[in-house]
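Student: Can you read through this structure? Questions will come right after.
Please treat every number below as a calculation from the coordinates, not as lab data. All of these numbers come straight from a predicted model, not from anything done at the bench. Reconstructed Cβ throughout: ideal geometry from the backbone, glycine too, with neighbour counts over all protein chains shown.
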């Protein structure tokens, strides 16, 4: 159902009539940028699939969000989600979307919501979904009434109406942030020493990926080649740096001008997007590149904060346009 975009503050002033078919490459010399529309303050872009479809959320009040997705031509409001609010956190190549409605995880397909609450009780949120409709996220373990134990948050895998608790690294908390089509799951979990470390979960086992010498780390994305990206604290300063974990080794990707950094997503070609300080970057061929330097001269974008990248090399996120307002952008490698 079409809704007024002034109510939830997404403008459809600029739409994508068609997406360029990009040649998948390790790097591209030229990029084009499309303005998909104005985004309300606090709104997010969370995911992009290989068809250039996006998913995200915008706030409609101080306590409630509403989800949206972009089908390649127009932005679709997911509605009021029963009046309790919702967020769209990931979209796979089949157009299936996961997120949360109020306190319940959901999967959305063919204009229908499937509430995972019956299988993911107590409440939580689905953060990622692969092309087999396997969803991951976190749910809340509610203590036995009368006990002195606080509630805990644990990572889960939802597959075929079955919930699997992925456990922790010895501590009380964990969350799964991504799942590949190969079934590898990444996220972060607390340890016996109460640190938070990135993990890889596969074949029923959670593996601690360690840090860059500091105390904490977090994995945000994994591709089908098993390459993992995220952020980890470094020795000495204990500041966070973006990392790439591959073949059993965590590599520091560095920063832009000494700022802290985090890697948010990786595609099958090994291209990585993330942020360093207030700037967005593309990491390709061993180099961290400021996203704004990839745009044509006079594009008018003041800042670009990427959130996701697909296998075509398209990058999506939120940027400040020439009008000084946050807009949804889609960057495409030139053919």
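Student: Assuming R0 = 30 Å, can you tell me the calculated FRET efficiency for the pair residue 140 and residue 322, based on Cβ-Cβ distance, to the nearest 0.05? Before the final figure, lay out each step's value.
Tutor: Details: r = 43 Å, r/R0 = 1.45.
Calculated value: 0.10.
Student: While we're on this one: Peptides 201-210, 260-269, 53-62: what's the order by average Cβ count within 10 Å, highest mean first?
Tutor: On the way: 201-210: 15.0, 260-269: 21.9, 53-62: 20.0.
Result, highest mean Cβ count within 10 Å first: 260-269, 53-62, 201-210.
Student: Here's another thing I want to ask about it. How many nm is it between the label spots at residue 41 and residue 94, if each spot is 7 Å from the Cα in line with the beta carbon?
Tutor: Once both label points are built, they end up 4.1 nm from each other.
Student: Scattering from the C-alpha atoms of the chain alone, worked out with Debye: what is log10 I(q)/I(0) at q = 0.09, 0.14, 0.15 1/Å?
Tutor: Ignoring solvent entirely, the Cα scatterers give -0.46, -1.14, -1.30.
Student: Given the Cα atoms of region 131-230, and with Rh set as the inverse mean 1/r over their pairs in the Kirkwood sense, what is Rg to Rh to two decimals? Mind showing how you got there, number by number?
Tutor: Working: Rg = 13.7 Å, Rh = 13.8 Å.
Taking Rh as the inverse mean 1/r over Cα pairs, Rg/Rh reads 0.99.
Student: If r is the Cβ-Cβ distance from residue 224 to residue 115 and R0 is 30 Å, what FRET efficiency results, to the nearest 0.05?
Tutor: Details: r = 29 Å, r/R0 = 0.96.
The value I calculate is 0.55.
Student: Provide the FRET efficiency to the nearest 0.05 for the residue 303-residue 268 pair, computing r from the beta carbons and using R0 = 22 Å. Could you put the intermediate results ahead of the total?
Tutor: Numbers: r = 27 Å, r/R0 = 1.25.
According to the calculation, E is roughly 0.20.
Student: Springs between alpha-carbon pairs under 10 angstrom, Gaussian network model over the chain: which of 245, 188, 139 fluctuates most?
Tutor: Judging by the Gaussian network model, the answer is 245.
Student: For region 299-335 and region 192-252, write down the distance between their C-alpha centroids in whole Å.
Tutor: 27 Å
Student: To continue, here is another question. May I ask you to compute the full-extension gain from residue 293 to residue 191, defined as 0.36 nm times their residue separation minus their alpha-carbon distance, rounded to one decimal in nm? Before the final figure, lay out the partial values.
Tutor: Details: separation 102, 0.36 × 102 = 36.72 nm, distance 4.00 nm.
32.7 nm is the gain from fully extending residue 293 to residue 191.
Student: Working only with C-alpha atoms, what are the Rg and Dmax values of region 233-287, expressed in angstrom?
Tutor: Gyration radius and largest Cα-Cα distance of region 233-287: 10.9, 33 Å.
Student: State, as an integer percentage, the relative contact order of the chain based on alpha-carbon contacts under 8 Å between residues 6 or more apart. Walk me through the intermediate numbers first.
Tutor: Numbers: 964 pairs, mean separation 50.7, N = 335.
Taking the mean separation of contacting Cα pairs over the length of the chain, I get 15 percent.
Student: Order of 71-78, 292-299 by packing, highest average Cβ count within 10 Å first? Present the calculation step by step, with values, prior to reporting the outcome.
Tutor: On the way: 71-78: 16.6, 292-299: 12.9.
So the peptides 71-78, 292-299, ranked by packing, come out 71-78, 292-299.
Student: With springs only between Cα atoms under 10 Å, which of 129, 38, 229 fluctuates most in a Gaussian network model of the chain?
Tutor: Greatest mean-square fluctuation among the candidates belongs to 38.
Student: What is the gain in length, in nm to one decimal, between residue 131 and residue 251 on full extension, counting 0.36 nm per residue of separation less the C-alpha to C-alpha distance?
Tutor: That pair, residue 131 and residue 251, stretches by 40.4 nm at full extension.
Student: Hey, another quick one. How far, in nm, would the chain grow between residue 73 and residue 182 when pulled straight, counting 0.36 nm per residue and subtracting the alpha carbon separation?
Tutor: Working: separation 109, 0.36 × 109 = 39.24 nm, distance 3.02 nm.
Contour length minus the Cα-Cα distance gives 36.2 nm.
Student: To continue, here is another question. Just grab the label-to-label distance for residue 235 and residue 334, each label 7 Å out from Cα along the Cβ direction, in nm (one decimal).
Tutor: Simple spin-label model gives 4.4 nm for this pair.
Student: Could you give the alpha-carbon Rg of region 215-335 over 2.2 N^0.38 Å, rounded to two decimals? Before the final figure, lay out the partial values.
Tutor: Numbers: Rg = 14.3 Å, N = 121, 2.2 N^0.38 = 13.6 Å.
Taking N as the residue count of region 215-335, the ratio is 1.05.
Student: Taking 8 Å as the Cα distance limit and 6 or more residues as the minimum spacing, I'd like the relative contact order of region 257-335 as a percentage.
Tutor: Values: 157 pairs, mean separation 17.6, N = 79.
The normalised contact order for region 257-335 reaches 22 percent.
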